[in-house]
Structures are given as structure tokens and as C-alpha cells.
Amino acid sequence: MDRRVHITEDTLKHLNGEYQVEEGDGGSRDPLLTGRKTYLVIDPHTQRNISRRPKQSNTLALGESRQRASVRMSQYLQSWRTIHPFADLSNPDAAPSKKPIIHTSSAMSQSQLSADRPPCQNNPNCLVVDNGVRGSLDTIDTAGRRLKKLNCLTLMFNDLSLERQFRFSEVKGLHQSMTCLALIFVTMFAVQMLVSTNNFEMAVSYGATFPVMVLLLSIAFTGYLEKWRPKMPVGFQWISGLSRGVSTRAALRLFVVTLCVLITLLMGVLNLYFLPGKNCTVITNTTELEGLKLYTLPYYLYCCLLAMLGVIVFVRTCLSMKALLLTLAVVVYLALFLHVYAPRSRCLIELLYNDTKPGVLKDPQIMSGVWLVIFYIICLILARQDELSCRVDFLLERCFHTEREEMETMENVNKLLLQNVLPLHVAACFMGKTIRNQDLYSQSCDSVCVMFASVPQFKEFYSESSANNDGLECLRFLNEIISDFDEILSKPKFCSVEKIKTIGSTYMAAAGLTHSPVEDETKKVEMSYSHVRSMVDFAITLMGRLELINTHSFNSFKLRIGINHGPVIAGVIGANKPQYDIWGNSVNVASRMDSTGVLDKIQVTEETAQMVESVGFSVTLRGVVNVKGKGELTTYFVNTDQSSPQF
Ligand SMILES: Nc1ncnc2c1ncn2[C@@H]1O[C@H](COP(=O)(O)OP(=O)(O)OP(=O)(O)O)[C@@H](O)[C@H]1O
């Protein structure tokens, strides 16, 4: 009945007296309901004035909780604004911000969250964390948890395979570190050149080390300038290969870095060796002492400090190696400044302060030791911090990489699912970036051939008994038939045929939905003929396949098929459960061709029959059929005892 909910006695029992009902008298309206008690539910909204029933308090409590839930739900829905099918898929970037999710089970602990975000007890939006942010927080959290598994002394991952991956992962930006080192090297050279008097020794030492440094620098830079590799002279291309090896092979990289650093550390102090004044303590003549140029001594210390900086400019170089090099450097430097060159320092003090004691802060010998130790400690701390941040970066990169891979897999799965539910061209439309979320998909097609193929005997075949597992076996058989029909669709010759749906045991398909509109009229006509041909061919194949199923299952099912062609509107309806469908008079008539058809025959309208004949099939006049809503129509049967015509 209009605006009333009609229920059976069984349904009433499940309502637990929640609703008031009145006699339905279904038997008087539908013979199938004769002898069955039915009820009509009384709309509770029109019953406001009706006195409440005795179970008042209980019902009220239930009602209140129900109302609270519904209010919550409507608020939630309001926050969704309009729901559009596949909005997430068609516009993945926009989806997370539009469709908030309530953050319930984040791996992030509450304390961590509150530390990262402002307090927000009164702000309802605070409960909502969009997908993108949550993904990032989870990733950071995962990386953070892994970071806790580092050895606090060596900063190595406890997980050996992870450590190996870190060691062997590609290092980018080696050229930057090399540039820093080259700058340090050049600065040391400039300082020593300005203060040194031993020009020959300097020329020899730097003359020997400069080419090595230039070579190593060019190796680091060639990798950076990889895109120019093809333009390089063939003779130089090996440098590019070596450069690639340096950034990808840990051992080679370590060798190159160690070589560079050792050269720099050595050059920081090498020319000090040529500084005269070994026996300066015995010299009493001030002019002679001044001639030794001992004031250059602190400049060598600065060079040493600079050289120590050179150790830490290299990113992603094993911390223990850096610590080893720094320790080696500081031990050698300390030995030199505090022991080997101690007499020269004393002479310098004598020269600068005569016989007076200069105090600790002005004592070049003591201060060189202090500077070296301070620099050593600072360099160690910086090296440690660099190592730590590199490892964090590595972990984050790994997590993001895994996340990206998972997202890509999910996207592909979604794509596949979508392509299973919707025709390929429609799915592509929903996944494309150009379509706006507000636009629901619809398409007018001028000439589509529609087919309804039903198995009328299935109604009698279907029964629910313990012998056939409450009807499950019947459904299994129907599923077999429909699956076989679906399989036929995958044949290339039926690429223009699209399954629309199954309605009970009726298979509905259409040809000509996939093609984009063509301007050329003759082409249009040609295409509609080819759609009719494909559809009839498909229908005949379905009949053949059912025959095959019959022989295997000892059944005698026959198809009753109706085909019609004409304009249709195709579209996707529904929001949460979208479905692709077609509508129009042509579809209605096709359905009628099936419902008024004859078993094992394909019934078509007069216009379709003409097209069917033109594409090579023969037809037989059936006669005039009274079609509900359309009046009397002349229909034809397609002769199916012929093989598919060849073109
Ligand atoms: N997209 C569709 N999917 C499935 N069936 C369809 C579709 N469009 C039309 N039909 C079927 O075509 C038949 C004819 O439709 P029409 O609108 O002419 O008549 P109707 O008055 O709705 O018919 P009925 O009384 O049989 O429901 C209907 O049985 C309807 O189920």
C-alpha cells in the first residue's frame, strides 16, 4: 500500500513490539499471500498523540539512545557534504581532506600525539586526522621505533640486514662533501703558502697531492653530472663509471673518502716538518730567533684544525671510521705540538714575552693542545649527529618507500575492482583526473544493441530442499551458467559487447556503449550494424554454450532471447554502491522481446530484424505480438541454426 510498510507475521515478531501495527490483509491484494497474516506498520510520527504503552521507561531509554545515535549520524553525514561514487578514486588528492576519518587506532600513542599537536578538548575537529597526516605520523612512528633499535655507542642497527642495506645504499651528495674538502685543502694551501718560507718543499708536497685531489674531486663530480656522460670524450668515460661505483659501493666509497681525508690531514701538518728551529732553545740572539719565523707555528695549528673539519664533511661515512681518523689525527697532532715542536713553542714564548710567564691562555703549546682536544670532541659530536640523522633519513625513506608501494598496490587493486564492476571506459573515466566529483557519469548513446537472455526454466528448476542444500545447488548451477557466459565476453570478437547485469536468471548485455561518438554519418551507421552483428553473434554463442552445459549436466535448459537496438542513456547510479546501467525505450522493448519471446529463439523487432538481415543473418517473421505499453509490434525470430556469417 502507498506510504505504508507491509510486513509478514515473522517480521513482526522480530520487531519486539517496537512499532504499532494494524491488520494488513495482504491476501486480498495478492493471491500469493492468501492464508498468510500480514500487518501494516503505523507510522510512529503520526502517533505522537497516542498514549504511550506500559513499557514506557524502557522504550523511552531505547528511544533516547536511538535518537542520540541518529543525531550523531546526521551530524556525521552533514560533515560528509555530498557523497559521490568513487570520489576517492577519481580524485585521490582531494579525497582525504574532504572525507575526514576518525582517528581511532593509530599506532601513535596519545602522549606522542599531544606532544605534536596543540591541546584541543573543545575542538571537534581535533578528533579528525586526515589520511595523509595519519599516514605520515604512522611512518614517522615506525621509523622512530626502529631507531630505538640502534646501538647507542656505534649507532649501528641491531638488525644486521638493515645495517647492510644502510651501508650498501646509494649515497647522494658526495660531490658536495668533496667540494667542502677541496675548499679546506685550498685554504690550507693558501695559509701555508703565505706563512711558509720553504717554497720548494711546499711546491713539491702540494704539487704531488693537488693532482690526486683534483682527480678525486672530478670522480665525485662526474657522478653528479651523469646526464653529460654521453657528451664526454670516450677516454674519460671510465671516470664516470668510477664515480658511480663510489656512490653505490660502500668499500670503494670508504677507500676514496679515507684517501682524501688522510691527504688533507697530512697536508695540514706536513710543511711544519720543514719549519726551522730544531735547536732554537740554544739560540740567544733575538735577531737570529726572529729569522726562524716561529710566529708561523700557530698557523699550522689552524691548518690542522681545518684538516680535522675535513673528516666530518663527509655524509654517510661510517662513524667508526670518522672517529678512527679523528683520533689518529688528534694523537699525531698532539704529539707534534706538545712534544716534537715543544722547543719551537718555547722559543716563540721567549721571543714574544721575553722571560716573563705568559699564562696558560697565551701559551701556544698548552693552547694548541686545548684547541686540538676541543676540536676533536666537537668533531666527534657532529659526526655522531650526522650519522644519526642519516640513519633517520634512511629509515624514513624506507618507510615512505614501503608506504608508496603499498599505496600503489592498493591503487591497482582498486583499479581492478573498479574495472570488474564497471565497463573499462567508464572505470577509466572515474579514475581519470579530468572528471569532477560532482559529475555523475551519464552518456547518451545513439545506437546500442540491447539483449535480454533469460532461462525461464530456471524458475521451475529452483527449489529449496535439504537435498539441494536449501537451494544452494541450484544457485551454484546458475552461477556456472552465468560465469560461462561471462567468459565468452572475454573473446576479442565480443569486445564491443558489455555485460550490464543479471536479473535473476536473465542475462542483460549491450553492444555499442564503449565507442566514442563519431561525426561521420556513414561510419555511425556502419558501427551500429557491427554492434547488431556482435550482439546476435553473442546471443547465438550463449545458446551454444548452454547446450554444452546441458550435455555435461544432463539438463535441458534453453535460452529465451530478446534483442533490440536504438538510443539509450548509460550511467552510473547510486553513491555508496554505484551501478552501471542503461535506460531508455530501446531497453524496455528489448526486455519485452525477451519476456514475450519463445524458448530457444531470439526475438527481435522489425527495425532490428532488417539490420540483422543486412549483417548476414536470416530471420523468420513471427507475427504481431502485443507488448505491454507499446501496443502491437511485428516481431521476427533470428535463425540460429546457421554459423556466424563471415565478413
Ligand atoms: N535497466 C534495466 N534493467 C533491467 N530491466 C529493465 C531496465 N530497463 C527496463 N527494464 C525492464 O524492461 C521492462 C519494460 O519496461 P517498461 O518501463 O516499458 O514497463 P513497466 O511498466 O515498468 O513494466 P513492468 O510492469 O513489467 O515492470 C520492465 O520489465 C523493466 O524491468
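Here are the numbers for this structure:
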| item | result |
| --- | --- |
| Label-to-label distance, nm, for residues given as Lys357 and Glu405 (7 Å Cα→Cβ offset) | 6.9 nm |
| Computed FRET value (nearest 0.05) for Gln610 with Gln457, which takes r as the C-beta separation and R₀ as 35 Å | 0.65 |
| Inter-probe distance in nm under a simple model that places probes 7 Å from Cα toward Cβ, at Ser444 and Val598 | 3.8 nm |
| Alpha-carbon Rg with Dmax, taken over segment 433-567, Å | 17.8, 60 |
| Candidates per trypsin sites (Lys or Arg not before Pro) in segment 157-207, loop by DSSP, up to 16 other Cβ within 10 Å | Lys172 |
| Separation in nanometres of the label points that stand 7 Å from Cα toward Cβ, at Ala335 and Ala208 | 1.9 nm |
| Percent of C-alpha pairs per 5 Å bin, segment 386-513, short to long | 2, 8, 11, 13, 12, 12, 10, 9, 7, 5, 4, 3, 2, 1, 1, 0 |
| Sorted by Cβ neighbour density within 10 Å, fewest at the top, the residues Met156, Met188, Met193, Met1 | Met1, Met193, Met156, Met188 |
| Three semi-axes of the equivalent ellipsoid, segment 451-523, Cα gyration tensor, whole Å, largest first | 35, 12, 8 |
| Paramagnetic label zone (point 7 Å from Cα along Cα-to-C-beta, Phe255; backbone N under 20 Å) in segment 162-196 | 167-172, 174-175, 178 |
| Length added when fully stretched, Arg346-Asn639, from 0.36 nm per residue minus Cα-Cα | 93.5 nm |
| Cα-based Rg of segment 351-460 normalised by 2.2 N^0.38 Å, two decimals | 2.85 |
| Cβ-based exposure ranking for Trp583, Trp371, in which fewest neighbours within 10 Å come first | Trp583, Trp371 |
| Theoretical FRET efficiency, 1/(1+(r/R0)^6), r = Cβ-Cβ of Leu32 and Asn588, R0 25 Å, to 0.05 | 0.50 |
| Sparsely packed trypsin sites (Lys or Arg not before Pro) within segment 352-451, loop by DSSP, other Cβ within 10 Å at most 10 | Lys433, Arg436 |
| Cys303, Cys429 arranged by Cβ crowding within 10 Å, fewest neighbours leading | Cys429, Cys303 |
| Whole-angstrom Cα spans of segment 501-647 along principal axes, big to small | 46, 41, 34 |
| Alpha-carbon radius of gyration plus Dmax, which is the widest Cα pair, for segment 247-313 in Å | 17.5, 60 |
| 5 angstrom amide H check on Lys37, placed H, neighbours 5+ away | Glu9 |
| Karplus (6.51, -1.76, 1.60) ³J(HN,Hα), θ = phi - 60°, over segment 581-589, in Hz, Gly and Pro reported as x | 8, 10, 9, x, 4, 4, 5, 4, 5 |
| Relative packing of 443-449, 508-514, which averages over residues the other C-beta atoms within 10 Å, highest first | 508-514, 443-449 |
| HN-Hα J in Hz across segment 299-310 - Karplus 6.51, -1.76, 1.60, θ = phi - 60°, x for Gly and Pro | 5, 5, 5, 4, 4, 5, 4, 4, 4, 5, 4, x |
| Low-density loop positions, GluC sites (Glu not before Pro), segment 370-471 - DSSP coil, at most 16 other Cβ in 10 Å | Glu464 |
| Stokes-Einstein diffusion coefficient of segment 291-348, Kirkwood radius over Cα pairs, 25 °C, 0.890 mPa s, in µm²/s | 193 µm²/s |
| Peptide ranges 332-345, 2-15 listed from the most packed, as the mean C-beta count within 10 angstrom indicates | 332-345, 2-15 |
| Efficiency of FRET between Asn479 and Gln419 - r from beta-carbon atoms, R0 25 angstrom, step 0.05 | 0.75 |
| ³J(HN,Hα), Karplus 6.51/-1.76/1.60, whole Hz, each residue of segment 383-390, x for Gly, Pro | 4, 5, 5, 4, 4, 4, 5, 5 |
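Read-outs: derived from the displayed coordinates by stated rules, not from any lab. Remember, it's a predicted structure, so these values are computed and weren't measured experimentally. Please note: Cβ atoms are built from the backbone with ideal geometry, for glycine as well, and neighbour counts cover all protein chains shown.
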